[in-house]
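Undergrad: Just passing along the structure, written as structure tokens.
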Amino acid sequence: MARPAAVAKPPPRPRSTRARSATPRRLPYLLIAPAGLLMLGFIAYPVGSVFYYSLQHYNPTKPWRNGFAGLDNFDEIFTSDPLFWDTLVFSAKWVVVEVGLQLLLGLALALIVNQTFAGRALGRALVFSPWAVSGVLTSVIWVLLYNSQTGVTRYLADLGIGEYGTSWLSDTSTVFSAAIVADLWRGVPFFAILILADLQSVSKDLYEAAEVDGAGRLRQFFHITLPHLKDAIVLSTLLRAVWEFNNVDLLYTLTGGGPAGMTTTLPLYVANTSVDAHDFGYASALTTVAFVILLFFSFAYLRLSKFGRNES
Amino acid sequence: MSSNPRRRRLAAALALTTALALTAAACGDDGTSGDKGKEGSGKGEITFWDNNGGVRTEVWKEIIADFEKKNPDIKVNYVGIPAESVQSKYDTAIQGGGLPDVGGVGAAMLAAIAAQNALEPLDDRLAKSPLKDKLSTAMVDSVRAAGGGEQMFTLPTSANNGTLWYRTDLFEAAGLDEPSTWTKFYAAAEKLTDKGKNHFGYTIRGGEGSIAQALDAAYGQSGITEFWNGDKTTVNDPKNVAALEKYVGLFKKVTPSADLNNDFKKMVAQWDSGEIGMLSHNLGSYQDHLKALEGKFRGIPNPTLDDGTRVQVSNPVDGIGIFKSSKNKTAAWKFVEFALSHESNSKWNEAAGAIPSNLEAAGDGWVQSAEATKLAAAALNDGTIKIVQLPYYLPDWNSLSKADNEPNFQKVLLGKMSAKDFLDTLAGQLDEAQAEWKKQQ
């Protein structure tokens, strides 16, 4: 059937060529301008400020010492500050162990809650719940768990296991493991959530085809699941590594960096240098070094892992 | 995740850039200060920062309500800041803006804040105030010294004193006298310890704040009464070394091994919830003990030597100051005067169990009935205590007595460093800091 002829609309009023071309070009910039200005104010300025102060002697409680330092702060860091090397080594150890264990446990939990079983929704909620708990609350929970009078060691001592008055956070042989466990509880859900999200997008056809070809569960995991998860794993481990490197809150609350400086990370050292000693120049130089280390690590990690380049 | 590799790389780069930038932004500082503020009309709003928020919130709110009733044209905005983070809050506000009009500033942090030129000198205002001659001279001298010696940047609100808290029920059950001397203290600590039953004689402070307590024990036993001998500190005097060796020998022998990380809160909570004979802390924990152990504890000044000599290190005097940047200094001063009046100062110190700075308040009835405060005030006022004045005036004192040396004290407790090496290291740093400070005077 022939469609009735549409009523002709009057042609739009012609605008000038300049207005037509300029508005669409400017619009995206105008839309992102507020975000860009906020980024400049809250990120670029503080970062620039840290770089500036890293080249200064700056301690507001000792104004007579303040002034241009050149590379003095960096010279001191690399040549005469054993604490820098100690805290850097501890930070590296902390990052490797934490991120490695969080990835393995997060992957395992994601694979489990990706299966179909009764109570799966509850299982997923339980797995993800620690991520929803605030950092302060997490610290308080673990401080209480490790307390010598109210925590685990007290109840173990009641059962005749170990001694009264002990805490794993005060024992030089257990403090690292105890702190690792506390942070694992908080960090594992992060990996589980990200990996589970990526698992949802694996095509079932691939598994069916693999089954037809006689591939077992293990082979399917290594040849289908893991390659599919690669980019999610690379990105999440990288982000988590940066966060763990910068970990201050949990370790500060649990151990204060002790005993005897055994759990002092580089950022905790920076915090002590700036907050207690007011030596903002030196603390800025330490922060700049940490920034450069993380920058190189990140580029190297992304390049070596060929992030985003394995699309077939 | 996005299936577009370019988009994925872009997203990763953005996330990473933000994370890295936050690393570098973690230590920002613009180094500006020096707003001279205004006297203002004496009406309107002022902001008050309590330097022991949470613990003293209730009593401050009561005092503020009384003040607002008497001064209906002034509204006081109360901000409670936990004691452990108050210094960093002040430092941040000095550098970045946002200081209050009035704030609590203890003597231990006064030097660092005064050096940043953030506090208003109060000498002239006090000279014209009804509070003149009504404040403890010793406390006024103490805050003046802590601020550099020339000007008074805070008015003292209270004094504290090192106190040995002990469990009267455990002492009675063990047939022990009060631990009034160091000899009795060590004997009681040993007798009250039965690790298999979770009973310990003493709890030692091994974590944050450990240095002042360790020095208190060292000077208390050595009997040395001066912190400086000329330009050199006495902290590493052989008598102090021997005293500290004996004191750290208590760790694990009669104390929980968990004490290694004990800060004030953990130490007090452990004593209040466990079966531990003695605790060294100042009067500030009185209310906590009262809630947990009413009728089962006493607080006495630190033990004496066998000849009755009692030596203690100084406790920082708490104070209240006006910030230079205040736009309403007249109203802020009215609040300071009110907070230090007989009634308010008495009310505050009764709640804190501390010694009032207002001389009229110090004579109030509650001081006589709060035994620990009464004993401390009496010991301080009758001259039986010889006080070793710690150098709160040194800008380096805060870092030397905290982050720089607390890890070393833990090494001493763990047997990884000798008491002599610890005190020699501390002495070297103190001598250097003192020389630098003197050079600038």
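The values are calculated or read from the model by the stated rules, or taken from the named source; none is laboratory data. What you see is a predicted model; the values in this text were computed from it and never measured. Here Cβ is always computed from backbone atoms with ideal geometry, including for glycine, and neighbour counts include all displayed protein chains.
Undergrad: Of all residues in region A:172-188, which are without any contact (Cβ under 8 Å) to a residue 60 or more places away in the chain and not hydrophobic (A, V, I, L, M, F, W, C)?
TA: Scanning region A:172-188 gives A:Ser173, A:Thr174, A:Ser177.
Undergrad: Any idea which of B:Leu394, B:Leu375, B:Leu340, B:Leu359 is assigned by TED's automatic domain parsing to the domain that holds B:Gln287 and of a type in the set (A, V, I, L, M, F, W, C)?
TA: Criteria check complete, one pass: B:Leu394.
Undergrad: If you take the residues of region A:29-47 that are touching a helix residue (DSSP H, G or I) at 6+ places or on another chain (Cβ under 9 Å) and more than 9 Å from chain B (Cβ to nearest Cβ), which of them is nearest to A:Ala285 (Cα to Cα)?
TA: So the residue we want is A:Gly36.
Yes/no matrix, rows are residues, columns are (1) buried (at least 20 other Cβ atoms within 10 Å of the Cβ); (2) free of Cβ contacts under 8 Å to residues at least 24 places away in the same chain; (3) at positive phi:
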position	(1), (2), (3)
A:Gly257	yes, yes, yes
A:Thr263	yes, no, no
A:Ser274	yes, yes, no
A:Phe280	yes, no, no
A:Ser284	yes, no, no
A:Val292	no, yes, no
A:Ser305	no, no, no
A:Arg309	no, yes, no
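Undergrad: Could you check, for region B:196-208, whether at least one of its residues is part of a helix (DSSP H, G or I) and away from every other protein chain (no Cβ under 14 Å)?
TA: Scanning region B:196-208, I find no residue that is part of a helix (DSSP H, G or I) and away from every other protein chain (no Cβ under 14 Å), so the answer is no.
Undergrad: Quickly run through region B:250-279 and pick out the residues that are at the interface with chain A (Cβ under 8 Å from one of its Cβ atoms) and under 12 Å from B:Gly209 (Cβ atoms).
TA: B:Asn261, B:Asp263, B:Lys266
Undergrad: For residues in region B:83-106 being away from chain A (no Cβ under 12 Å) and either touching an Asp or Glu at 6+ places or on another chain (Cβ under 6 Å) or at pLDDT below 90 (or both), which is surrounded by the fewest Cβ atoms within 10 Å (Cβ to Cβ)?
TA: B:Gly97
Undergrad: Just checking, how many residues over region A:294-303 are among the aromatic types (Phe, Trp, Tyr), farther than 16 Å from A:Arg240 by Cβ and either in contact (Cβ under 8 Å) with a residue 24 or more places away in the chain or within 10 Å of chain B (Cβ to nearest Cβ) (or both)?
TA: So the answer is 1.
Undergrad: Moving on. Considering only residues that are hydroxyl-bearing (Ser, Thr, Tyr) and more than 10 Å from chain A (Cβ to nearest Cβ), look in region B:382-408 and name the one that is farthest from the chain's Cα centre (by Cα).
TA: B:Thr384
Residue by residue, here is whether (1) farther than 27 Å from B:Phe153 by Cα; (2) of a type in the set (A, V, I, L, M, F, W, C); (3) free of Cβ contacts under 8 Å to residues at least 12 places away in the same chain holds:
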residue: B:Pro391; (1), (2), (3): no, no, no
residue: B:Lys402; (1), (2), (3): no, no, no
residue: B:Glu406; (1), (2), (3): yes, no, no
residue: B:Phe409; (1), (2), (3): yes, yes, no
residue: B:Met417; (1), (2), (3): yes, yes, yes
residue: B:Phe422; (1), (2), (3): yes, yes, no
residue: B:Ala427; (1), (2), (3): yes, yes, no
residue: B:Leu430; (1), (2), (3): no, yes, no
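Undergrad: Show me the helices (runs of 4 or more DSSP H) found entirely inside region A:203-274 where at least 3 residues are more than 26 Å from A:Thr174 (Cβ to Cβ) and away from chain B (no Cβ under 14 Å).
TA: A:204-212, A:217-220
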